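**Student:** I'd like to ask some things about the structure below.
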Amino acid sequence: MRMALYCSFLILLVPLQVEKAESPTEHTFVVRARIISVGPESAVLEVMGQAQKDLKNRTAAQIESYFLNKEWSLRNRRGDELGKFYCTRVLAAGERFRLFGLHRSAGLANQGNIYMGIMLGEEVGYTPYRPPVDYHLPEPEQKRSMRSSVDGKEMLYVAEDLLVYGQGYDSAKSNFNPYFFLRDEAHLPRIHGFYMDRTEVTNREYLRFCQKAGHPLPESWKKTGMYPPGSAELPFNEASYSDAVAYARWAGKRLPTELEWELAARGGLSVLIDGSGPQSLNRRPPAYPVGDFDPEKCNTKERWKENPRLLPAAQMKDASPYGIIGMCGNAPEWTSSFFEPYPGSRFRNDTAQAYSGQLFHVIRGGAYYLPSEMARSDARQPAGFPSPDSDAKAGIRLVQDP
């Protein structure tokens, strides 16, 4: 009999009878499976998920006695019955288990997507399975700050939150987020909590890394073997992407993703919620780590009449909602993310399109020599080249998972 394939169908199997003596278990269980093929009377199902792992430790006789010659109820994830399936043959191929048999189901092949149920081994008695309400367990409470055991930097905790990222006003810009105004979990990424360096890596700290790890000094330091006099506490601003990754590996940390960086700079949805009810969800996230742009707190081109320059990392006054400083200008900072359009968007100008792909990483935070627009919490720049010799240069700020 010719059968049509419907590989995306997922079903619940609930046994209509229980045979304790020969079954692998002594309970009634739900098995997670999907429809491989279905014809007018016959069907092939494949056991999925945890059930595969549980069954591979059973003998062939146990598996067959559990499935064979029983009539199973086919149900969707709501517990609605779709029909009946009578198993006549079990085929075990490696870790895959396929069930062959006859079905009595009206329109089973036209059900569309039917989602997975619970795993083999979870007792449900005789009640059809109904999924629980989607509930997200809160993260365990973390210390407000910690100090890295390798590079000694103070790190502040950025709690898990939903992030309203990018901007929703100008689709021509690379940071356009078409879901910017949709404040629900379906459109907001949930960023897990992490620790982030309170300040950027300084020249003094980068020199110590080079000495400890045997990493090459930047070209401008090689003549003297040191950073320029008086610049020890300035943020290191000459790291290629590979330099930043090497420092992170040595310190036992990692580069932040660009959305982790943005969360640390502007705050998550909980920062926007102010107790005024649903209207607070419509608030616009702060444009800068300090809220509105302030040239006295941020270090951008606007701060200087001429000769813009770096400021000591620990003396910046641009604290983000989490107390992290130096994110509004000063040194630009590497992230681990590739420069790509945000979900649901596409680059609409030739310049951005030229940088798109798995080649250029995102730099965040603007710079002391760039205008304030580039120091916005949502601004992003592409950087990075195939050749290490021509790679862009930026600063380093790292994160660490709890």
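Coordinate-derived values only; no laboratory data. The shown structure was predicted, so the numbers you read here are calculated from the model rather than taken from an experiment. Please note: Cβ atoms are built from the backbone with ideal geometry, for glycine as well, and neighbour counts cover all protein chains shown.
**Student:** So for 243, 391, fewest C-beta neighbours within 10 Å to most, what's the order?
**Tutor:** Ordered by Cβ neighbours within 10 Å, fewest first: 391, 243.
**Student:** Sticking with this one: Report the net charge of residues surrounding residue 328, where surrounding means a beta-carbon distance below 10 angstrom and charges are Lys +1, Arg +1, Asp -1, Glu -1.
**Tutor:** That sum, taken over residues with Cβ under 10 Å, equals +1.
**Student:** Right, something else. Each residue of region 295-303 in order: what ³J(HN,Hα) in whole Hz does its phi give by Karplus 6.51 cos²θ - 1.76 cosθ + 1.60, θ = phi - 60°, with x for Gly and Pro?
**Tutor:** 3J(HN,Hα) across region 295-303, in whole Hz: x, 7, 9, 8, 10, 10, 4, 5, 6.
**Student:** Give me the number: length gained by fully extending residue 102 to residue 231, i.e. 0.36 nm times residue separation minus the C-alpha to C-alpha distance, one decimal in nm.
**Tutor:** The residue 102-residue 231 span can extend by a further 38.6 nm.
**Student:** Figure the gain on full extension for residue 283 and residue 224 (residue separation times 0.36 nm, minus the Cα-Cα span) and round it to one decimal in nm.
**Tutor:** 16.1 nm
**Student:** Considering the alpha-carbon set of region 145-400 alone, what are its Rg and its Dmax in angstrom?
**Tutor:** 17.9, 61
**Student:** For residue 33, which sequence-distant residues (separation of 5 or more, or a different chain) have an amide H within less than 5 Å of its own amide H, given hydrogens modelled in the peptide plane?
**Tutor:** Close amide H contacts, sequence-distant or interchain: 11, 13, 48, 117.
**Student:** Another one. Sort 299-310, 280-291 by packing, meaning the average of other beta carbons within 10 Å per residue, with the highest value first.
**Tutor:** For the peptides 299-310, 280-291, the packing ranking is 280-291, 299-310.
**Student:** Kindly identify region 226-366 as rounded, prolate or oblate by the Cα gyration tensor criterion: order the square roots of the eigenvalues as a ≥ b ≥ c, call it rounded if a/c is under 1.5, otherwise compare a/b with b/c, prolate if a/b is larger, else oblate.
**Tutor:** Oblate shape, in that a/c is at least 1.5 and b/c is the bigger or equal ratio.
**Student:** Right, here's the next one. Any chance you could run the full-extension gain for residue 141 through residue 346? It's 0.36 nm times the residue separation minus the Cα-Cα distance, nm to one decimal.
**Tutor:** Difference between extended and current length: 70.0 nm.
**Student:** Still on this structure: Shape call for region 264-326 from the C-alpha gyration tensor, a ≥ b ≥ c root eigenvalues: rounded (a/c under 1.5), prolate (a/b greater than b/c) or oblate?
**Tutor:** It comes out prolate by the Cα gyration axes.
**Student:** A follow-up question, please. What distance in nm lies between label points placed 7 Å from Cα along the C-beta direction at residue 204 and residue 81?
**Tutor:** 7.6
**Student:** Evaluate Rg over Rh across region 135-290, taking Cα atoms for both radii and Kirkwood's formula for Rh.
**Tutor:** 1.06
**Student:** Another question, then. By counting other Cβ atoms within 10 Å of each Cβ, how are 181, 97 ranked from fewest to most?
**Tutor:** Least to most surrounded, the residues fall as 181, 97.
**Student:** Determine, for 327, 226, 316, 374, the number of other Cβ atoms within 10 Å of each Cβ, and report the residues in order from fewest to most.
**Tutor:** 226, 374, 316, 327
**Student:** Along the charge dipole of region 291-338, pointing to its positive end and built from +1/-1 on Cβ of Lys, Arg, Asp and Glu, which listed residue (315, 334, 291) has its Cα farthest out?
**Tutor:** Of the listed residues, the answer is 315.
**Student:** Could you tell me how far the Cα centroid of region 285-357 sits from the Cα centroid of region 146-183, in Å?
**Tutor:** Here the two parts' Cα centres lie 12 Å apart.
**Student:** Pairs 253/297; 253/317; 173/317; 153/301; 143/173: which are spaced more than 31 Å apart, C-alpha to C-alpha?
**Tutor:** 143/173
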